[in-house]
Each structure stands twice: as structure tokens, then as C-alpha cells.
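Okay, structure first, notes after.
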Amino acid sequence: MKQNNDWTLEELKRDYIGQMKAITIPVNISIQGQQQVLDTSAVEKILRNAKLITLGDCGCRKKRKKCDAPLDVCLSIDGEAEEDLKRGVKPVSVQKALEALKRSHKAGLVHLAYVFKGKEKPEIICSCCSCCCHSMSAMVRFGIPDHVVASEYVASQNEETCDNCGTCVERCQFNARKILNGKMHFAKKKCFGCGLCVSTCPTNSITLVKRKS
């Protein structure tokens, strides 16, 4: 009998939900009315303000082994990075950290900055998939995003220029996009503004905009 290698709801509630909050970070995406996020805003600011950065393997993908996405894309900052050093993980420069984010974005992974309970700043930036990673699994499988992830941006779709090619469907980790009867259907409520669809849309029909509160 094949063993179920998914996170159970009990595991997620016990070990993750309530212990941390994740924030989606669009990478290398032009934000409407904003600067490019990767090099001039959120991610670089977090990394440049860090005293120490380490780059290690994604623990979720190593444990679940449900896809072949890159492993060496998990960034730890300051306190978490110090713990990594004790485990033999080597420190990296800001430039190397940003290169890891670019590489994982190309591979279709969602960037989540984790803020632990009782702390104000993120100490882990992971590149996550919905098949292996705990937070993404919680959102997609159990429909409990409000407990897990905060999102500042959301995708905006230009239906007039969209040619319904389906490229964005393949990139979306949140199941927010489907082709039905040859036409693109976008479930905005499921979107968490990661930007994976934006960077590969051949007709530039998708942009990211600030989420209305």
C-alpha cells in the first residue's frame, strides 16, 4: 500500500499554523504604480538589513519528495541563520541570495517570508510549492489562507488581450486559474499575488496591483 506523503491537517495545526505568518513576495515583477520588487523594494531591503544570511535546502521538499523543484533555495536571516551555521550551512552574500530567488522564481516557486510568533521581522524566506510545502499545502488543500499567509498584491487580468493560451494555469500554485471551454477563468479570491503568472504571460495580459483592504 502506497504511503500518503501529504501534510495532514493535524500536523499543520500543531507545528505551523499559529506559530508563523507568511507574506508573499513577488520577485522580478513590475507592480502597477510601484518599483520593481526584487531589486529595489521588499526582498532587497530585508536582505540588506540582515547581519547574516544563509542559503540551505528546502526541508519540506526534502521530506515530502513530491516534485523535482530546486532544493537549495531556502534563505535564513540573522537568528535563524545563526542556527544554520551550527548545522554547517554556509553564509552567502546578498547578491547570491537574490540570485537564488530569481532561479526559484523561474522554476515556478512562490516566495514566502516567514514571521515567527512574537517577532516583527521575517527570519526565513522560502521558495515554496503547493505539493510539498506546509503553508502552501494548508492554503491549497484545506482552504485556510487567513491563518497562514498575508498578501499585499493580487493579479489583474486584461481579458481583451488574453489569448487563453493557458501558460498561467501551469504556473499558478494556488489553483486560481483554469481553462474552461477554451476560455481563461480567473478566481481572484484564490490569488496571492506571487507574480508567477505575470512573468510568463506571452501577451502581457496580467499585472499585479495593490490588494484593496
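The values are calculated or read from the model by the stated rules, or taken from the named source; none is laboratory data. A quick note: this is a predicted structure, and the numbers were derived from the prediction, not measured. Ideal geometry is used to build each Cβ from the backbone, glycine not excepted, and the neighbour counts take in all protein chains shown.
How about the range 96-191: which strands (runs of 3 or more DSSP E) wholly inside it have at least 1 residues that are over 27 Å from W7 (Cα atoms) and of a type in the set (D, E, K, R)?
Correct list: 183-186.
Counting only residues that are over 18 Å from L55 (Cβ atoms) and not hydrophobic (A, V, I, L, M, F, W, C), which one in the range 123-142 is farthest from the chain's Cα centre (by Cα)?
Taking the candidates together, the pick is R141.
So for the range 21-33 (the condition being at pLDDT 75 or above, surrounded by 15 or more Cβ atoms within 10 Å (Cβ to Cβ) and in contact with a Lys or Arg (Cβ under 9 Å, 6 or more places away or on another chain)), does at least one residue qualify?
yes
Residue-wise test of (1) buried (at least 20 other Cβ atoms within 10 Å of the Cβ); (2) closer than 19 Å to I23 by Cα.
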{"site": "S76", "(1), (2)": "yes, yes"}
{"site": "K90", "(1), (2)": "no, no"}
{"site": "A97", "(1), (2)": "yes, yes"}
{"site": "K102", "(1), (2)": "no, yes"}
{"site": "A107", "(1), (2)": "no, no"}
{"site": "H111", "(1), (2)": "yes, yes"}
{"site": "V115", "(1), (2)": "no, yes"}
{"site": "E123", "(1), (2)": "yes, yes"}
{"site": "C126", "(1), (2)": "yes, yes"}
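If A97 passes every condition in (1) modelled with pLDDT of 90 or more; (2) more than 20 Å from G195 (Cα to Cα); (3) of a type in the set (G, A, S) but one, which one does it miss?
The single condition A97 does not satisfy is (2).
Go through the residues of the range 154-165 one by one and say whether even a single one is surrounded by 13 or more Cβ atoms within 10 Å (Cβ to Cβ), of a type outside the set (G, A, S) and under 23 Å from S127 (Cα atoms).
yes
Among the residues of the range 40-70, how many are outside any loop (DSSP other than H, G, I, E, B), within 16 Å of the chain's Cα centre (by Cα) and exposed (fewer than 14 other Cβ atoms within 10 Å of the Cβ)?
0
Pull up the range 38-90, narrow it to residues that are closer than 15 Å to I124 by Cα and among the acidic types (D, E), then point me to the one that is modelled with the lowest pLDDT.
Per the stated criteria, the residue is E44.
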